[in-house]
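Step one of this worksheet: look at the structure below.
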Amino acid sequence: MTETILRAKGVSKRFGGTLALDQAELELRSGEVHALVGANGAGKSTLIKIITGAYSNDEGHIYLGDKEIHVKSTFEARKLGISAVYQEFSLINTLSVAENIYLGKLIRRQYGPIEKIQWQEIQNNAQKILDKLESDIKPEAIVGNLSVAQKQLVEIAKALSNDIKVLIMDEPTASLSDNDIENMFKVIKGLKEKGIGIIYVSHRLEELPIIADRISVFRDGRYIRTMDIEEAPKKVIIENMVGTSMVETKRKPCSTDEVLMEIKNFSSGTKFQNINFLLHKGEVLGIAGLAGAGRTELVRAIFGVDQKDSGEIFIHGKKTVIHSPADAKKAGIGFITEDRKEEGLILNMPLHTNLGMTILDKLKRIIGLDLKKEVRLMEEYIQSLKIKCRDSGQKAHNLSGGNQQKVVIAKWLATEPKILIMDEPTRGIDIGSKNQIYDLINQLAEQGMGIIMISSELPEVIQVSDRIMVLAQGKKTGELDNQEVTQDILLDYATRKQAV
Amino acid sequence: MKNIKIKDFVMKYIMYIVLVFMVITLTVANDKFLTLNNVMTILKQISIQSIVAIGMTMIIISGNIDLSVGSIVAFCSVIGAMLMASGVPVWIAIILVVLIGAVIGFISGGVTAKLKLHSFLVTLALMQAFRGLAQTITGGYPKAGLPDAFGGIAAKSVAGVPFLVLYMIVFYAVFVYIMKYTAFGRSIYAIGSNEESARLSGINVERVKTMVFVISSALCGVAAILLTSKVRSGDPTCANGWEMDAIAGAIIGGTNMAGGEGKLGGTVIGLLFVGILANGMVLLGVNAYMQSVIKGLVIFLAVIINSIQKRAHN
């Protein structure tokens, strides 16, 4: 039980001039769940990628059992028994579950010069692995038709199809519902019993006491310390992550009576039905709900990204027709999407170019564009939003998640919107950046902006919003003042079936 | 440290280094190569295609492809020749031909953008259709009988520099500017890199995509005028395979086939590369079939070098 199966000693990694990982340590025992926590840019993912062979380390040693290993590819790592399940799945949507599990090592038999894939055997083996996970997924099912939770299980099954000693899980519960999370924990406990060591990366500190045995904290590329979970309550973890103690600030409501936007009778198929609400000047309206409640779909329809069946928008009392994001932008609405990498940014382009994308109209001169203004604006936002980067010419993919998110925010602030829609603005980013974004939301509201914020984290909705609208299965089930709200009340509304 | 710098430098400018190397070799091998006359011949040779390649580069950067450019040039050339032969004033014919090009681009781009079809398929169909149309309306024979004044457009030169070369320089100057310093140009790069992100930023993706095709096909109209003037007839079989030459020029010049990256300056280098190679082989008396093999191999190598370059860069 206490046998060490994986050890990293003094591991360092540089990217160009930045030290992404500085003398990291990790000791993983068999049959333990070892949580890695740290703000974005703390070095967790770099360490993981070195262990799985996706990156090579500049300094330090990694031992599997008592043998030092030098893995050069994820393929080699997998052969040694180290597998990783990332947030972004590596599954191929058009293939079956069984084929995905055995991809790259399909069981074949040679008949003279002709080889034949043994589909029946593959199916049977896949079924056995899925049974072990107590899953009812059929091996012949097409992966594209599965839910996120099921896909994650298939990923785990894929890892288990090798003789596995170390399993790395990167934010396995980030996109799961409460029910699925419970199942996931069961699966993880099953794996522990088989003696597999699990490295568990998560931002959800509340779940760690339930699932983790030990916890290692990283900050700014440095290893801070390892603790038994019993001696690491949330407060202690956060202190170690942040380095200085945090002060919680209460939100001062600065909402006015002036109606900025009115949404009337918004409906779109089964996604959401008959949604009405008001947004006031200086108000932060939170939208709460469980996964699949239709929150993102609703704001996408408001912003003109997706078609709607019916619905009217009034801005300053005037009916406004919005058919496209371009229309919405003209109407003074900004939209910070859920997926900053795919939708928010162009990762291979410099920061100032990303900023310029929304304000090309404003940069226009009689001939050409005012590119100096673009750079100047970006530099102003780097200052005011405290974006950590080399300069405004750095490419977006080199930034950490929290800083990328700030760039997305900057690019919409540059349009000087009256209404700002933020979909999960703090998802997957570190606590430091989170607090900065909360402060920013406060400031913007004080300046009179109307803000709609979707968040799956109930404490966050309660902390940040003036008023909270709750959606459940596409219906509006409640509208609450933040003074009277608790997490229990919100959850109650979020699980109701009756619209208000 | 110094070694790394040299390596980086070589990696970054390898295409230019190979180009210079090729020029030096040819200069040594043949005394006719580096003469003003021959240099102008090479530039003249690539000038008309290079105008088509502007549009192609923009289309590839926007994440699309256009296989129909050669056919559009032929179709526009034939129409222009017929208009002028039937007595329509030269300048009106020119405007009409460019407009017809633009309309064709509006069709291919509009269909591609609006119906979200793959431009490969749309333009593959148009490639067949317009080549066929050009042959149908002429009965397969070149259309001659053009006014003498029209020939001057391509044939004249000023201070030893052919007009064709000047047109090329002017068009490239204008479009390099458009790609770098206008909202339209920036939108093309954004759409090619990440269409969804561009759309959510309030860029009118459909319009930009369509406009890129309109411009590209209008430039085919311009190329058709120049080509018609150069050969003094509207030939339905002309500009055969130009789509491939334009694509090759763009790719050798570093444009990313997947969209989002590329420079018009690179495309000129790419075309020069192929042009100088072809010219050199003729001067050295390489057999025509072998020329094609060598050209193919060089393009192949260039593409490999480019991909290595990109990987090193990332």
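Checking A:VAL247, A:VAL242, A:VAL217, A:VAL236 one by one, the residue that is over 22 Å from A:GLN150 (Cα atoms), out of contact with any Pro (no Cβ under 9 Å at 6 or more places or on another chain) and at pLDDT 90 or above is A:VAL217 and no other. Among the residues of the stretch B:260-268, is any surrounded by 18 or more Cβ atoms within 10 Å (Cβ to Cβ), among the acidic types (Asp, Glu) and within 14 Å of another protein chain (Cβ to nearest Cβ)? There is at least one residue in the stretch B:260-268 that is surrounded by 18 or more Cβ atoms within 10 Å (Cβ to Cβ), among the acidic types (Asp, Glu) and within 14 Å of another protein chain (Cβ to nearest Cβ). State the number of residues belonging to the stretch A:3-21 that are part of a strand (DSSP E or B) and surrounded by fewer than 18 Cβ atoms within 10 Å (Cβ to Cβ). Count: 8. The strands (runs of 3 or more DSSP E) located wholly in the stretch A:37-138 that include 2 or more residues which are of a type outside the set (D, E, K, R) occupy A:59-64, A:82-85, A:108-111, A:114-117. Scanning the stretch B:15-31 for residues that are surrounded by fewer than 13 Cβ atoms within 10 Å (Cβ to Cβ) and outside any helix (DSSP H, G or I) gives a single hit, B:ASP31.
Please go through the stretch A:166-179 and give me each residue that is on the phi < 0 side of the Ramachandran plot and out of contact with any helix residue (DSSP H, G or I) (no Cβ under 8 Å at 6 or more places or on another chain), ordered by number. Once the filter is applied, which keeps residues that are on the phi < 0 side of the Ramachandran plot and out of contact with any helix residue (DSSP H, G or I) (no Cβ under 8 Å at 6 or more places or on another chain), the stretch A:166-179 yields A:ALA174, A:ASP178, A:ASN179. As a summary of the residue check, B:ILE191 satisfies the conditions (1) more than 9 Å from chain A (Cβ to nearest Cβ); (2) among the hydrophobic types (A, V, I, L, M, F, W, C); (3) closer than 23 Å to B:GLY101 by Cα except for the one numbered (3). The requirement of being among the charged types (D, E, K, R), at the interface with chain B (Cβ under 9 Å from one of its Cβ atoms) and surrounded by fewer than 16 Cβ atoms within 10 Å (Cβ to Cβ) is fulfilled somewhere in the stretch A:353-362, by at least one residue. Scanning the stretch A:176-214 for residues that are aliphatic (A, V, I, L, M) and without any contact (Cβ under 8 Å) to a residue 12 or more places away in the chain yields a total of 0. Scan the stretch B:167-206 for residues that are more than 24 Å from the chain's Cα centre (by Cα), without any contact (Cβ under 8 Å) to a residue 24 or more places away in the chain and part of a helix (DSSP H, G or I) and the total you get is 5. Residue pairs whose Cβ atoms lie under 7 Å apart, sitting 6 or more positions apart in sequence or on different chains, and linking a residue in the stretch A:253-269 that is on the phi > 0 side of the Ramachandran plot to a partner that is at pLDDT 85 or above and not acidic (Asp, Glu), are A:ASN265/A:ASN274; A:ASN265/A:ASN276; A:ASN265/A:SER310; A:ASN265/A:GLY311. The strands (runs of 3 or more DSSP E) found wholly in the stretch A:439-500 and carrying at least 1 residues that are free of Cβ contacts under 8 Å to residues at least 24 places away in the same chain and either in contact with a strand residue (DSSP E or B) (Cβ under 6 Å, 6 or more places away or on another chain) or aromatic (Phe, Trp, Tyr) (or both) occupy A:475-481. Scanning the stretch B:126-143 for residues that are over 13 Å from B:GLY234 (Cβ atoms) and either touching a residue at least 40 places away in the same chain (Cβ under 8 Å) or not in a helix (DSSP H, G or I) (or both) yields B:LEU126, B:MET127, B:GLN128, B:ALA129, B:PHE130, B:ARG131. In the stretch B:269-292, of all residues being closer than 13 Å to B:LEU19 by Cβ and among the small types (Gly, Ala, Ser), the one that is farthest from the other protein chains (Cβ to nearest Cβ) corresponds to B:GLY280. Checked against (1) within 14 Å of chain A (Cβ to nearest Cβ); (2) surrounded by 15 or more Cβ atoms within 10 Å (Cβ to Cβ), B:VAL174 passes all but condition (2).
When you scan the stretch B:104-117, do you find a residue that is in a helix (DSSP H, G or I), farther than 27 Å from B:ILE42 by Cα, in contact with a helix residue (DSSP H, G or I) (Cβ under 9 Å, 6 or more places away or on another chain) and without any contact (Cβ under 8 Å) to a residue 40 or more places away in the chain, even just one? Scanning the stretch B:104-117, I find at least one residue that is in a helix (DSSP H, G or I), farther than 27 Å from B:ILE42 by Cα, in contact with a helix residue (DSSP H, G or I) (Cβ under 9 Å, 6 or more places away or on another chain) and without any contact (Cβ under 8 Å) to a residue 40 or more places away in the chain, so the answer is yes.
Considering each residue of the stretch A:99-116 in turn, none proves to be loosely packed, with under 11 Cβ neighbours inside 10 Å and closer than 27 Å to A:GLY428 by Cβ.
Just checking, does the stretch A:306-321 include any residue being out of contact with any Lys or Arg (no Cβ under 6 Å at 6 or more places or on another chain), within 14 Å of chain B (Cβ to nearest Cβ) and basic (Lys, Arg)? Taking every residue of the stretch A:306-321 in turn, none turns out to be out of contact with any Lys or Arg (no Cβ under 6 Å at 6 or more places or on another chain), within 14 Å of chain B (Cβ to nearest Cβ) and basic (Lys, Arg). Of the set (1) in contact with a helix residue (DSSP H, G or I) (Cβ under 6 Å, 6 or more places away or on another chain); (2) modelled with pLDDT under 90; (3) within 14 Å of chain B (Cβ to nearest Cβ), all apply to A:LEU290 but (3).
The residues listed here are A:LEU298, A:LEU399, A:LEU385; of these, the one that is more than 9 Å from every other protein chain (Cβ to nearest Cβ), modelled with pLDDT of 95 or more and either more than 23 Å from B:ILE188 (Cβ to Cβ) or in contact with a Cys (Cβ under 9 Å, 6 or more places away or on another chain) (or both) is A:LEU298.
The values are calculated or read from the model by the stated rules, or taken from the named source; none is laboratory data. Predicted model only: the values in this text are computed from it and were never measured. Note that we place each Cβ from the backbone using ideal geometry, even for glycine, and neighbour counts take in every protein chain shown.
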